[in-house]
Amino acid sequence: MIEQSLLDLWRGFGVALEVHNLMWSFFGVLMGNLIGVLPGMGPLSAISVLLPLTYTMHPIPAILMLAGIFYGSQYGGAIGAILLNLPCHPPHAVTCLDGYPLTKKGKGGTALGVTIISSFFAASVGILIMVFASPLLVKVAFKFGPVELFSIMLLGLLAGGTMSRGSPLKGVSMTVFGLLLGVVGTDVNSGVMRFTYGMFQLSSGIELVALALGLFGVAEFLRNVNRMQVTGSGIKLRLRDMRPDKAELKQAFFPMVRGTLMGALFGAMPGTGPTITTFLAYAVEKKISRTPERFGHGALEGVAAPEAASHSKTQVDFIPTMSLGIPGDPVMALILGALLIQGIQPGPQLITEHADLFWGLIASFWVGNVLLVVLNVPLIGVWVKFLQVPYRYLYPTALFFIAVGVYSTNNSLFEVGEVLVFGVVGAVLLALDFPVAPILLGFVLGPLVEENFRRSLLLSRGDLSIFLSHPISAVFIGISALLVLLQVVFALRRAVRKRGRQDTSGPVAPPVAKVADAAQLLRGK
C-alpha cells in the first residue's frame, strides 16, 4: 500500500510540474498571498471572482489554481492578522490575539518567521497524511454523523468561553452573544424569519466576513483614531531579525506539533470549518501552559499553534471534500462547485477515475508551499514596512479595502453597514474589557450546533440519551463535562486563595498598628 502511494505521488509530481500546470499553480498561490494580505479580501472573494475563469480551462490547472488561492491566502491572512490586527480570513482571528501584541513589541518579523515555519511544517504533515492515510481517514469521517458533530462543536464552544483572557464569565457571555447573532436569519427547518426585525437583507443571516472585519478591523481603527505615532517607526529589520532564535524555535516547536495534529484530526471530519480548529488549538495551548497569563500579550505559542492547525486542516480538508463530496467550509464548497462545473463528481471513486487530478493536486500542495516560502521569506521586510506608514494613511486605506472586500462578496452595501455597526460594538466591548474573539466562535458554531442538535433529536424522536449512546459522542460530552468541572474547581480555588490572603492580612495589621502606637506613647512618656 505504501509503495503504491509513493508511486502515485511520483506520478502526481509529474503532473504538477508540467509547465502550464506549474504556472497556474504559481499564479494561484501568488494571487492568494496578495489577496490574503489585503484587508477586507480573502479566499472566498478571490475564488468567487476567478471561478468564471475556470469554465474554459482544463480541469487539472483549474483546480490547481483554486487550491493555490486557498492555501496561499492562509499565508497572506496571517500577515494581515499579525501586522495590522485584521483577520481577513476568520480562522486568523485567533492569530490576532498574540500576533498583534508581538508586533507592538517590535517582534512582528519574528512572529511572521514562526508563522512561515509552522505553516510549512503543518502543510507537509497534512500532505503526508493525505498520501498515506486517506483510506483510513475516509472511514473515520463516515462515523461522524449529526450526533458526533454536535458533541464536538459543544466542546468547541465551551473551550472558546474559557479561552479568552480576563474574566471567564465575560468570555462565556461573549460566546452566548455570538450564538444569538448566529440564529439571525431564516430557520432551515421551518423557513421562519428569526430576529430580522423586518429587514429582508438579514434573511440569509449576518455575513461572517462583515462580523469578523468589524470586530477586529474597524474596532481597532476606532480605538486608535486619535493615535499620532507610527507603530513600527522604531523597527530596524535585518535578516537575523526575521529568523527566530533557538529559544524561540524551542518555545514554538511543541505548540506547532500539537496544532498540526489537531488540524489533521479536524480536517478529516466533514462539516467542521477551520475556525473551530484554530480556536481549540489556542485554547489547548493556553490550558497546558505553565504561564497562561502571557497569552494575549505576545506569546509565540499563541501564533504557532493556531497557524499550524489552520494549515494542516487546509490540506487534510481536501479529503472529505474530494472523497465524500462534503466541504468543510464555504471555500471548499466553491472548489467543490468548480469540480462539478468541470463534470467531475467528487466521491470515493474520484481517486481511481481521476487519478491524474487527485495525485497532481496533492503534489501541487508541496510545490505551492515551497513557492510560498520562497516568496514570503524575502517579502517579510516589505510586510513589516507597512508598520512605518502613519495611522492617518494606513487605516483609511485599510477601511477602503475592507469596504471593497465586503461589498464584493455579495454586492451589498447593507453588509458594508454591518461592518460599521459591528466595528462600533467591538470598540465599545474592547473599551469595557470584554473579549471579542469568543463572539466569532459562537457565531460560526451556533447554527451548526443548532442544526446538528435538531437532526439528532429527529433521529432519536426527542430522546436526549442518543448523545450518550453513541461512543464518539459520549467521549466528547465527557470531555465537555470535565472542562466545566475544571473551571468550577479553578474558580473555587481562586476564591479560597483570595479569602485566605484577606484573612491573613486582616488580623495581622491591627496588632502591628497597636504595638506601634504603644511604642510611640512610651517614647513620649
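Coordinate-derived values only; no laboratory data. These numbers were taken from a predicted model, which means no experiment stands behind them. A quick note on method: Cβ atoms are made from the backbone with ideal geometry, for glycine too, and the neighbour counts reach across all protein chains shown.
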Amide H partners (placed H, <5 Å) of F295, local residues excluded: none
Relative packing of 105-116, 367-378, which averages over residues the other C-beta atoms within 10 Å, highest first: 105-116, 367-378
Trypsin sites (Lys or Arg not before Pro) restricted to DSSP loop in the stretch 404-505 with at most 10 other C-beta within 10 Å: R461
Estimated inter-spin distance, E293 and V176, nm [label 7 Å along Cα→Cβ]: 2.9
Additional length obtainable on full extension of the chain from R392 to Y55, 0.36 nm per residue less Cα span: 117.1 nm
Gain upon complete extension [T352, V183; 0.36 nm per residue less C-alpha separation]: 56.7 nm
Among 70-83, 478-491, the order from most to least packed when residues are scored by Cβ within 10 Å on average: 70-83, 478-491
Pairs from K107/K498; K313/K498; K105/K246 whose Cα-Cα separation, in the structure shown, is over 31 Å: K107/K498; K313/K498
Length released on extending from V428 to I341, taking residue separation times 0.36 nm less the Cα-Cα span: 26.8 nm
Nearest-0.05 FRET efficiency for K104 and R243, computed from C-beta distance (R0 30 Å): 0.90
Label-point gap, in nm, between R494 and F254 - each point 7 angstrom along Cα→Cβ: 2.4
Spacing of the two label points (7 Å from each Cα toward its C-beta) at F13 and L420, in nm: 5.5
